[in-house]
Amino acid sequence: MSTAAALAVKSVLNESRQIERAAMLIQMGARMQVLESETTLSYERLIRLYKEIAGKSPSKGQLPFSTDWFLTWQENIHSSLFLNIHEYLSKGASLDSVELLTRAYRLYAEQVEAAGIDALLSFTRAWRLVKFVEASMLGTTACTQCGGRFVTEPYENARHYTCGLCNPPARAGKSKSAGALMLH
Ligand SMILES: [Zn+2]
């Protein structure tokens, strides 16, 4: 095979790898900002793929660029559960970032479903959470009471930190909505 032909084959292989990646992300419910960040495909290409796979146009607008969501009570517990799974998986088999995210999210969704709780953390939020941790805008801190690791501000005082399960806010457990986290 000539060099030019070899390069052409490589480019086709890379392209199909990118499409496979995008398809997997779309099936997980990822929004456009995730697809644009995690693949090298053009915006137009991604829009077409999205419509083809999801059967509808992607929702417009970006998630707010804020760490607050991950730090509120129930959201924090879901975020922490996901991040623990993600960290655990990252220590095992060598997976690329998208495979790792996808596997961790599936396990998170399975765990909450088994517990009869709604999955508060969307796939796109899970992706955003990993990005915030990578950028050191969020970190994890061990709870001084239960020892579990929870998502916190990076400068949280570890000597006094208690998690949202050991020290729930006063309103906790009063939610009447089905599938909400309840404390006994
Ligand atoms: Zn705790």
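Identify, from the list Gly61, Gly29, the residue that is at positive phi and in contact with a helix residue (DSSP H, G or I) (Cβ under 9 Å, 6 or more places away or on another chain).
Details: Gly61 fails: in contact with a helix residue (DSSP H, G or I) (Cβ under 9 Å, 6 or more places away or on another chain).
None of the others qualify; the one that does is Gly29.
Can you tell me which residues in region 1-40 are of a type in the set (A, V, I, L, M) and over 16 Å from Asp96 (Cβ atoms)?
At the first step, the residues of region 1-40 found to be of a type in the set (A, V, I, L, M) are 1, 4-9, 12-13, 19, 22-26, 28, 30, 32, 34-35.
Hits for region 1-40 are Met1, Ala4, Ala5, Ala6, Leu7, Ala8, Val9, Val12, Ile26, Met32.
Look at Val130 and say whether it is closer than 19 Å to Val34 by Cα, at pLDDT below 95 and not in a loop (DSSP other than H, G, I, E, B). Spelling it out, it is not the case that Val130 is closer than 19 Å to Val34 by Cα, at pLDDT below 95 and not in a loop (DSSP other than H, G, I, E, B). When Thr140 is tested against (1) within 16 Å of the ligand (Cβ to nearest atom); (2) farther than 13 Å from Leu81 by Cα; (3) polar (S, T, N, Q), just one condition goes unmet, and that condition is (2). The number of residues in region 73-96 that are surrounded by 13 or more Cβ atoms within 10 Å (Cβ to Cβ), modelled with pLDDT of 90 or more and out of contact with any Cys (no Cβ under 9 Å at 6 or more places or on another chain) comes to 14. Restricting the search to helices (runs of 4 or more DSSP H) fully inside region 1-69 and requiring at least 3 residues that are in contact (Cβ under 8 Å) with a residue 40 or more places away in the chain gives 3-27, 32-38. Residue check: Glu75 meets all listed conditions (1) without any contact (Cβ under 8 Å) to a residue 24 or more places away in the chain; (2) closer than 30 Å to Thr141 by Cα; (3) among the acidic types (Asp, Glu) but one, namely (1).
The values are calculated or read from the model by the stated rules, or taken from the named source; none is laboratory data. From a predicted model like this one, the values you see are computed outputs, not experimental measurements. All Cβ positions, even for glycine, are placed from backbone atoms using ideal geometry, and neighbour counts span all protein chains on display.
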